[in-house]
1. Against the definition (over 15 Å from the mean Cα position of the chain (by Cα) and either of a type outside the set (S, T, N, Q) or within 16 Å of ligand 1 (Cβ to nearest atom) (or both)), how does B:Ala52 come out, yes or no?
2. Return yes when A:Pro14 is in contact with a strand residue (DSSP E or B) (Cβ under 6 Å, 6 or more places away or on another chain) and either surrounded by fewer than 22 Cβ atoms within 10 Å (Cβ to Cβ) or of a type in the set (Val, Ile, Thr) (or both) and no when it is not.
3. Does C:Thr140 satisfy the condition of being surrounded by fewer than 22 Cβ atoms within 10 Å (Cβ to Cβ) and part of a helix (DSSP H, G or I)?
4. Which one is nearest to A:Val39 (Cα to Cα) among residues in region C:110-130 that are in contact (Cβ under 8 Å) with a residue 12 or more places away in the chain and at the interface with chain A (Cβ under 7 Å from one of its Cβ atoms)?
5. Within region C:1-36, which residues are of a type in the set (A, V, I, L, M, F, W, C), without any contact (Cβ under 8 Å) to a residue 60 or more places away in the chain, at the interface with another protein chain (Cβ under 9 Å from one of its Cβ atoms) and closer than 21 Å to C:Lys78 by Cα?
6. Quick one: which residue in A:Arg124, A:Arg102 is among the basic types (Lys, Arg), within 25 Å of B:Gly141 (Cβ to Cβ) and surrounded by fewer than 23 Cβ atoms within 10 Å (Cβ to Cβ)?
7. Limited to region B:53-79, what total is found for residues that are surrounded by fewer than 24 Cβ atoms within 10 Å (Cβ to Cβ), part of a loop (DSSP other than H, G, I, E, B) and on the phi < 0 side of the Ramachandran plot?
8. Any residue that is part of a loop (DSSP other than H, G, I, E, B) and of a type in the set (Lys, Arg) - is there at least one of those in region B:81-92?
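Quick note: the coordinates plus some simple rules give every number you see, no bench work behind them. Small disclaimer: the values here were computed from a predicted structure and weren't measured. Counting neighbours? That spans all protein chains shown, and the Cβs are built from the backbone with ideal geometry, glycine included.
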Amino acid sequence: MRIGCGYDVHALVPGRKLILGGVEIPYPSGLLGHSDADVALHAVMDALLGAAALGDIGKHFPDTDPKYQGVSSMVLLKEVQSLLQQKGFRVNNLDVVIVAERPKLAPYIETMCQNIAGVLDIERDRVNVKATTTEGLGFTGREEGLAAQAVA
Amino acid sequence: MRIGCGYDVHALVPGRKLILGGVEIPYPSGLLGHSDADVALHAVMDALLGAAALGDIGKHFPDTDPKYQGVSSMVLLKEVQSLLQQKGFRVNNLDVVIVAERPKLAPYIETMCQNIAGVLDIERDRVNVKATTTEGLGFTGREEGLAAQAVA
Amino acid sequence: MRIGCGYDVHALVPGRKLILGGVEIPYPSGLLGHSDADVALHAVMDALLGAAALGDIGKHFPDTDPKYQGVSSMVLLKEVQSLLQQKGFRVNNLDVVIVAERPKLAPYIETMCQNIAGVLDIERDRVNVKATTTEGLGFTGREEGLAAQAVA
Ligand SMILES: [Mg+2]
Ligand SMILES: [Mg+2]
Ligand SMILES: [Mg+2]
């Protein structure tokens with residue numbers, strides 16, 4: 001068994017969709033990035049790649065490659081799963097925490113978990129998504145961006 | 001075996017008790033929160049719940065519920081352990097890092113470990129508590145708050 | 001099997017060498033600290049010590065001890081490995097993410113992995129080093145310092 005950790009941050013800006021764990025969340029701002037900037041899935045992918053000693057998402061999906069412009073991170077997660085499979089790994093379980101002052105994410109958590117479990121083809125109870133705030137402190141507290149941490 | 005991660009932040013304010021790992025630490029400020037705001041135990045509980053795919057502490061102990069007003073996080077940790085037991089899990093080991101510019105936490109670490117091991121009913125050497133600073137940087141460096149990260 | 005997590009931060013200042021994962025990186029600033037301030041190896045050591053319930057690097061290598069002034073963190077990592085061995089542990093795998101707005105770390109990652117695997121005497125494919133930015137946000141985004149997170 002191997003373990004890995006992921007950490008990612010994206011800036012919150014007006015006029016972008018907010019997509020987290022593959023769920024589009026109704027909100028006046030969204031995350032800036034080359035792909036859909038799904039910070040939760042990015043942290044998950046980095047944890048999975050890390051556990052398999054396959055580098056990180058910047059190595060596999062460079063943000064200078066036009067192929068990944070606006071791509072859904074669900075598609076990238078599927079590619080990560082293929083990479084793991086090729087190396088003979090399967091996902092045992094994973095846990096991710098989304099750090100966001102707002103919006104309230106509780107209504108979307110279950111769908112995020114199902115999305116991730118579906119793409120990775122593992123049981124729902126091997127996936128956990130949590131949300132927390134930083135109580136108004138730091139860049140997440142000032143709502144300049146969202147962060148996510150994951151282990152797998 | 002399953003793994004999970006926890007991350008939590010609370011603001012440091014005058015006139016509150018500073019409670020970390022179940023230890024009351026003599027200090028002119030303390031952590032603001034609905035419960036006792038024990039940021040270390042909150043991160044630990046989120047890691048444990050995450051590993052078991054049981055959501056997070058916000059789901060189990062909503063900060064809008066008057067039942068949890070001022071509650072000791074040691075009591076909440078016991079409840080988390082019961083939830084794990086009901087699902088057939090036992091705690092293998094856990095590790096937490098408290099991010100605090102001040103005060104020096106070294107004198108309290110051993111008691112925190114014993115507290116956590118005691119509540120979870122596991123051997124002392126399956127629990128580890130660490131402390132670090134952010135060298136004056138960020139919200140923890142400015143002593144606006146404390147953060148904690150855990151894995152289990 | 002045990003797991004641990006590490007988190008460390010050092011300030012970025014002119015006139016110091018930038019050493020990450022045991023690699024000296026050509027850059028006009030470097031990390032401030034009592035040792036060589038290798039934030040990546042510090043997070044790795046804390047994750048390893050945490051997994052073994054051996055405390056943290058502050059306990060084993062106090063920054064008030066002149067013995068550790070300017071010491072290479074590669075030497076400290078070797079000492080950590082000895083401590084683990086004495087307790088009957090061996091390293092299964094580890095993953096670390098370096099949080100740095102700049103410089104680009106991709107050209108140095110492979111050497112960092114080889115350094116860590118070499119000191120710990122484990123296969124190269126049990127070590128993973130990742131890099132990410134915080135997209136200009138927070139103290140790492142303002143290039144006031146670098147951070148690192150690890151699991152082992
Ligand atoms: Mg990203
Ligand atoms: Mg809390
Ligand atoms: Mg350090």
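1. Taking the combined requirement at face value, the residue satisfies it.
2. yes
3. Judged against the criteria, C:Thr140 is not a match.
4. Result: C:Lys130.
5. Within region C:1-36, none qualify.
6. Residue meeting the stated conditions: A:Arg102.
7. Total satisfying the criteria: 9.
8. Yes, the conditions are met somewhere in region B:81-92.
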